[in-house]
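First comes the structure, then the notes that go with it.
The values are calculated or read from the model by the stated rules, or taken from the named source; none is laboratory data. The structure presented is a predicted model; accordingly, all values stated were derived computationally and were not measured. Cβ: placed from backbone, ideal geometry, glycine included. Neighbour counts: every protein chain shown. We work out accessible area using only protein heavy atoms, side chains counted, and drop any ligands, DNA or RNA first. Shrake-Rupley method; radii C 1.70, N 1.55, O 1.52, S 1.80 Å.
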Protein chains: 2
Amino acid sequence: MSHRWDVIGGAPNGGYLMTIALRALHQAFQRPDPVTVTGHFLEPCPAGEVEVATQLVRFGSHATGTARLSREDRIRILLTATLGDLAAKGGPSHVTGEPPQLPPPDECVGVPEDAEVPPIVERFDMRLDPACAGWAVGEPTGEARMAAWVRFADGRDPDTLSLPLFADSLPPAVLNVLDDVSWVPTIELTVHMRGRPAPGWLRIVAATRFLVDGYLEEDAEIWDSEGRLVALSRQLALVRTTG
Amino acid sequence: MSHRWDVIGGAPNGGYLMTIALRALHQAFQRPDPVTVTGHFLEPCPAGEVEVATQLVRFGSHATGTARLSREDRIRILLTATLGDLAAKGGPSHVTGEPPQLPPPDECVGVPEDAEVPPIVERFDMRLDPACAGWAVGEPTGEARMAAWVRFADGRDPDTLSLPLFADSLPPAVLNVLDDVSWVPTIELTVHMRGRPAPGWLRIVAATRFLVDGYLEEDAEIWDSEGRLVALSRQLALVRTTG
């Protein structure tokens, strides 16, 4: 495991760690797509060598199992996932949600070239909706919402296995309502893969409605370049403040 | 396990089974509240004797483990949960969501006394918002939304352990957009417990925005009698139709 996905504070991004555990399950199952994956984040995991132990629980029309990601003999992430084949699905459709409306990527806010940023920021090409960027200049918008264009910085296209990584890639939406946040540790993150993403930019929108006594949910939608929903995610997290 | 929680088709309700597995973890952990629980539903589980095998993975400020509910030596539900103490939480709050607006229980739609209903319906006192009841008389409203007052029929008050059962108690919201649904099997259900419910009625609102090729998410909010959010849930499910 590489330092290249570290967030501020020196530990790798939770979605990145989840993707490592998910890839191990994916190899063991020989199924093309994760359908739903849940990670419980037990303790921070510094960069370095990790072990993933997988256990297959059930093969059927879907396949389900668990993966435990450990470092230095301590389990850091407990993952449960159901995999299947999203190309084989069939049935009725009825959609009421719409992709977030964002200015084109060139009119959104990128990371300044001279900024000192944690390594993970350099792995993505991320363009934040200017309407959600107030937190970055010390002016939280007052609405716990983030929206951005996102793609891998190295030009690789997204796939269903990488969607949990994208789901956890935006700055926490709560930064736009609190100005003294020090850390937002995830307790649990669940991602539903709803389709295979088309090549190109993803649009991600994330929001928090209920921050209560330091606990919050953050719900995200991921849309592909053809305007189709490809993932829904929800996480339960804690908010640590400096105040 | 009792037949008293069977849904149509003769298998017990998924939320009920999840609650059995969760109670086993709760006893093993000696923590007061589940905080987040995810169940993967591997295959239907007819009523009868079940076994629950629990495994504790981590004790810390939260405690995390898995439970496997089996019947006749086949694992039916794989559950992962993190438990803690919701009375001990502290930190900032910022809430933008509001409880659903419903007519008073007496002006909502109960189950007709002479109706032939599956056993689980008799375990709850449920009063459906008339604005969401069209499906029940063959006139789906066109909006995939359900809202209701719900409490236990035997007068028992809700607690955090029973919230996953309530989260799966309403008729599927998709019944209000499709008139040929035969079954909505849950693949995975995640429930975040956000507070200990006050005694009395719960208000539950559930909605589906993305039914795509037979897969849907259903998001629910549970509010207590004092107007506080006590749980958020999301499930991934399949829709089977007769058409």
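Return yes or no: is A:Ala148 away from every other protein chain (no Cβ under 11 Å), closer than 18 Å to A:Arg127 by Cβ, without any contact (Cβ under 8 Å) to a residue 60 or more places away in the chain and within 16 Å of the chain's Cα centre (by Cα)?
Against the criterion (away from every other protein chain (no Cβ under 11 Å), closer than 18 Å to A:Arg127 by Cβ, without any contact (Cβ under 8 Å) to a residue 60 or more places away in the chain and within 16 Å of the chain's Cα centre (by Cα)), A:Ala148 qualifies.
Which of the residues belonging to the range A:201-218 are open to solvent by 30 Å² or more (accessible area, probe 1.4 Å) and not hydrophobic (A, V, I, L, M, F, W, C)?
A:Arg203, A:Arg209, A:Asp213
Of all residues in the range A:187-199, which are within 22 Å of B:His40 (Cβ to Cβ) and either without any contact (Cβ under 8 Å) to a residue 24 or more places away in the chain or open to solvent by 20 Å² or more (accessible area, probe 1.4 Å) (or both)?
A:Arg196 - this is the single residue of the range A:187-199 that is within 22 Å of B:His40 (Cβ to Cβ) and either without any contact (Cβ under 8 Å) to a residue 24 or more places away in the chain or open to solvent by 20 Å² or more (accessible area, probe 1.4 Å) (or both).
Residue-wise test of (1) of a type outside the set (Lys, Arg); (2) under 26 Å from B:His94 (Cβ atoms); (3) out of contact with any strand residue (DSSP E or B) (no Cβ under 6 Å at 6 or more places or on another chain).
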{"residue": "A:Asp125", "(1), (2), (3)": "yes, no, no"}
{"residue": "A:Thr141", "(1), (2), (3)": "yes, yes, yes"}
{"residue": "A:Arg145", "(1), (2), (3)": "no, yes, no"}
{"residue": "A:Ala148", "(1), (2), (3)": "yes, yes, no"}
{"residue": "A:Gly155", "(1), (2), (3)": "yes, no, yes"}
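Suppose we keep only residues that are in a helix (DSSP H, G or I) and at pLDDT below 95 within the range A:110-133. Which one would you say is surrounded by the fewest Cβ atoms within 10 Å (Cβ to Cβ)?
A:Glu122
On the basis of being more than 8 Å from chain B (Cβ to nearest Cβ) and in a helix (DSSP H, G or I), does A:Leu175 make the cut?
Criteria met by A:Leu175.
Go through the residues of the range B:134-149 one by one and say whether even a single one is open to solvent by less than 40 Å² (accessible area, probe 1.4 Å), outside any strand (DSSP E or B) and modelled with pLDDT under 95.
yes
Scan the range B:191-219 residue by residue and report those that are away from chain A (no Cβ under 12 Å) and part of a strand (DSSP E or B).
B:Leu202, B:Arg203, B:Ile204, B:Val205, B:Ala206
Got a number for residues in the range B:168-186 being open to solvent by less than 10 Å² (accessible area, probe 1.4 Å) and within 16 Å of B:Leu236 (Cα to Cα)?
2
Identify the residue in the range A:225-243 that is closer than 18 Å to B:Glu217 by Cα and more than 7 Å from chain B (Cβ to nearest Cβ) and, among all such residues, is surrounded by the most Cβ atoms within 10 Å (Cβ to Cβ).
Per the criteria, the residue is A:Gln235.
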